[in-house]
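Have a look at the structure below before the remarks.
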Amino acid sequence: MAVVKDLDYQMQVILSGTAECLPEGDLREKVEKSLEEDRPLRIKLGVDPTRPDLHLGHAVPLRKLRQFQDLGHTSILLIGDFTALVGDPSARDVTRPQLTPEEVKANALTYAEQAFRILDEEKTVLDYNSRWLAPLDFGELLRLTAHFTVARLLERDDFARRYAENISIGLHEFLYPVMQAYDSVALEADVEIGGTDQIFNLLAGRELQRVMGQEPQSVLTLPILVGLDGEKKMSKSLGNYVGLTDPPGEMFGKLMSLADELMPDYFRLTTALEPAEVDAVMAELESGALHPAQAKRRLAAEVTSLYWGSEAARGAEQAFDRVHVEKEPPEEVPEVHIDPTEFEDGSIWLPRLLVLVDLASSTSEGKRLISQGGIKLGNGVVEDAEMELSAEELEGLIIQKGKRHFRRIRTRRALQ
């Protein structure tokens, strides 16, 4: 995306896919002044490295930060290596388990690496809030907390709910919005990006900047990306996610399973298409000129290309067609060798085999998958959860779970 010194164009790109911009009109004034003075705005995105692996839900604010970058503004990726020691209480019903400094450090390294799959590393200011939070002495902390009241903190939905239900709130959790607000002061942020669950913290930063003599930042919130199930927030623990490091074929295949009604949000929040291009796709979908399946193919290709390149995306699409259109197994199927000791009297129980090849977490789950028709041996769906298979039968056989998971069984060692 080329840098365009046009106010209306910049605002169209900036506001595309956003939930709310506060206060109303403030950001437009900032962008207009920025263009007039040829001074880029300082855009802050703070992220706590509470996990090592990122998915498309995490990528939504990163993609917005990239858009600001492409528009010529200064994008600041703030790794909350100090705030992560507390844990953001936003949208939490209980206190987060505290991470160790070692866990935070390890997660921070992988977070930055994955973030630069989206951001232009050369144009990104990468900072860590331990740089100014760790050296604060108790007196400085007292001066900061004097700008906040317990009554105001208890206005937060999560704190208010926990307080009303007599669920404990750690004193350190009250300090979290104070620390995030001080980040904005330390960075002299003009704009802060965050999810809709972050609005209290974002506005706290604006207020602290005001009382400390800085121009208050504008707040730009983004919707929470719904997972592939179409119901809940994208989450690795729920299994409804697309990981940024998922292989091309898996990424493409997962996106092809997306519910049709989620496509508008995914086009706007997970691709690099400009707003006008997304509008054109949506118009074609609504008129019937574009079939939902074709639109989904484009979505899957756009997202896969972003993280793996266009050639890998084409290969992923071809692999998808081989399995789902031509009904052939993938060209490359992971092979799993079964240890001879797993065979009793020359055979193995199928649910146990599913656990051994990492297609089920337990034999109970294996039985459930079979009873639901989710397992194929070769080209046939298995119906008998008590099936026993010999080493001879299994050698070279492909087991399939669902639409995307395949294993080729090797038992030669068992036959010797």
Over region 166-300, what percent of the accessible surface lies on carbon and sulfur atoms, probe 1.4 Å?
52
Given labels modelled 7 Å from the Cα in the Cβ direction, how far is it in nm from LEU238 to THR145?
3.5
Picking from ILE193, ALA160, ILE118, whose Cα lies most toward the positive end of the charge dipole for region 102-230 (charges on Cβ: Lys, Arg +1; Asp, Glu -1)?
ALA160
Over the chain, what is the relative contact order in percent, taking alpha-carbon pairs closer than 8 angstrom and at least six residues apart?
14
Report the rotationally averaged projected area of the chain based on its alpha-carbon convex hull, in square nanometres.
25.0
GNM top mover of GLY205, GLY195, GLY139 - the chain, alpha-carbon springs below 10 Å
GLY139
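For SER34, what is the net charge nearby, where nearby means another residue's Cβ is under 11 Å from its Cβ and Lys, Arg count +1, Asp, Glu -1?
Details: positive: LYS5, ARG28, LYS30, LYS33, ARG39, ARG42; negative: GLU29, GLU32, GLU36, GLU37, ASP38, ASP190.
Charge balance near SER34 sits at 0.
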Expressed as an acute angle from 0 to 90° and rounded to the nearest 10, what is the orientation of the C-alpha long axis of helix 26-37 relative to the principal long axis of the chain?
70
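Taking the Cβ-Cβ separation of GLU20 and SER371 as r and a Förster radius of 41 Å, what is the calculated FRET efficiency to the nearest 0.05?
Numbers: r = 46 Å, r/R0 = 1.12.
About 0.35, to the nearest 0.05.
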Stretch VAL211-ASP53 to full length: gain in nm at 0.36 nm per residue minus the Cα-Cα span?
53.2 nm
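What FRET efficiency, computed as 1/(1 + (r/R0)^6) with R0 = 22 Å and r the Cβ-Cβ distance, is obtained for SER347 and LEU397, rounded to the nearest 0.05? List each step's numbers first, then the result.
Details: r = 13 Å, r/R0 = 0.61.
The computed FRET efficiency comes out at 0.95.
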Tilt of helix 171-187 relative to the longest C-alpha principal axis of the chain, in degrees (0 to 90, nearest 10)?
70
Which trypsin sites (Lys or Arg not before Pro) does region 270-329 hold that lie in a coil by DSSP with at most 11 other beta carbons within 10 Å?
LYS327
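Round to the nearest 0.05 the FRET efficiency obtained for GLU277 and ARG39 when R0 = 30 Å and r is the Cβ-Cβ distance.
0.55
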Using label points projected 7 Å from each Cα along Cα→Cβ, tell me how many nm separate VAL125 and ASP8, to one decimal.
3.1
Measuring from its Cα centre, region 268-359 shows a charge dipole (+1 at each Lys and Arg Cβ, -1 at each Asp and Glu Cβ) which, in debye to the nearest 20, is 380
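Give me the dipole magnitude in Debye, nearest 20, for the chain about the Cα centre, with unit charges on the beta carbon: positive for Lys and Arg, negative for Asp and Glu.
360
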For region 239-345, the charge dipole (Cβ of Lys, Arg +1; Cβ of Asp, Glu -1; about the Cα centre) points to a positive end, and the Cα of ALA272, TYR307, TYR241 closest to that extreme belongs to ALA272
With Cβ to Cβ distances under 10 Å as the rule, what net charge do the other residues near LYS44 carry (K, R +1; D, E -1)?
-4
Extending each Cα 7 Å along its Cβ direction at GLU102 and ARG161, get the distance between those two points in nm, one decimal.
3.5
State, to one decimal in nm², a quarter of the convex hull surface area for the C-alpha atoms of region 193-326, i.e. the direction-averaged projected area.
10.4
Between region 10-41 and region 218-287, what is the separation of their alpha carbon centroids in Å?
25
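Determine the dipole magnitude for region 1-157: charges of +1 sit on the beta-carbon of Lys and Arg, -1 on that of Asp and Glu, nothing else is charged, the reference point is the Cα centre, and the result goes in debye to the nearest 20. Show your work: numbers first, answer last.
Working: 20 positive and 27 negative charges, 32 e Å.
Dipole magnitude for region 1-157 comes out near 160 debye.
Among DSSP bridges having both ends in the chain, what percentage is antiparallel? Round to the nearest 5. Intermediate results must be reported in sequence, preceding the final value.
Working: 18 of 40 bridges.
Within the chain, antiparallel bridges account for around 45 percent of the total.
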If you stretched the chain out fully between TRP132 and GLN294, how much longer would it get, using 0.36 nm times the residue separation minus the C-alpha to C-alpha distance?
53.3 nm
Which of ALA106, ALA312, ALA360 moves the most in a Gaussian network model of the chain with Cα springs under 10 Å?
ALA360
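Rounded, prolate or oblate: which one fits region 22-153, using the alpha carbon gyration tensor with axes a ≥ b ≥ c (rounded when a/c is under 1.5, else prolate when a/b beats b/c, else oblate)? Before the final figure, lay out the partial values.
On the way: a/c = 1.80, a/b = 1.23, b/c = 1.46.
Judged from the Cα gyration tensor, region 22-153 comes out oblate (a/c at least 1.5, b/c at or above a/b).
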Could you work out how far the C-alpha centroid of region 314-371 sits from that of region 126-169, in angstrom?
49
List the pair-distance distribution P(r) of region 141-182, using every Cα-Cα distance, as the percent of pairs falling in each 10 Å bin from 0 up to the bin containing the longest distance, rounded to whole percents.
27, 57, 16, 0
accessible surface per residue for the chain, probe 1.4 Å, DNA/RNA/ligands not counted, whole Å² -> 49
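The values are calculated or read from the model by the stated rules, or taken from the named source; none is laboratory data. Given the structure is predicted, the values throughout are model-derived calculations rather than measurements. Counting neighbours? That spans all protein chains shown, and the Cβs are built from the backbone with ideal geometry, glycine included. Heads up: the accessible areas ignore ligands, DNA and RNA and are worked out on the full protein's heavy atoms, side chains in. Shrake-Rupley method; radii C 1.70, N 1.55, O 1.52, S 1.80 Å.
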